[in-house]
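Scroll down for the structure; my scribbles are underneath it.
Every read-out reported here was derived from the displayed coordinates using simple, explicitly stated rules and does not represent laboratory data. Quantities reported herein were computed from a predicted structural model and do not represent experimental measurements. Reconstructed Cβ throughout: ideal geometry from the backbone, glycine too, with neighbour counts over all protein chains shown.
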Amino acid sequence: MAQAKIQAKANTEAHNAGKFSRSVSMAAQSNHLLEVLDDLEGRVQAFRDAASALELEKEYLIEKIHSVQNSQDIRNICDGFLTQCSHGF
């Protein structure tokens, strides 16, 4: 009987200790998860910032391309006009 009481008490303590360990472990896991999520959020924001910068650069380059195309068109018109002028219309 005494052995059964000792065993029951050991089981109860082990059971309670197990719960405490799991809860500490759960808290540690929760903290780790929050750290990972915070890091991920920072990375996502960095990707968003980079994407915005790339979008601005793309728009700038498209403007430059259109400007060059317009300049070339004007040059072609001028060249055509000069050719017509030199031939007397």
Work through the residues other than Arg43 whose Cβ is under 15 Å from its Cβ and net out their charges, Lys, Arg +1 and Asp, Glu -1. -4
Please give the net charge around Asn70, taking every other residue with its beta carbon less than 11 angstrom from that of Asn70, where Lys and Arg add +1 and Asp and Glu add -1. 0
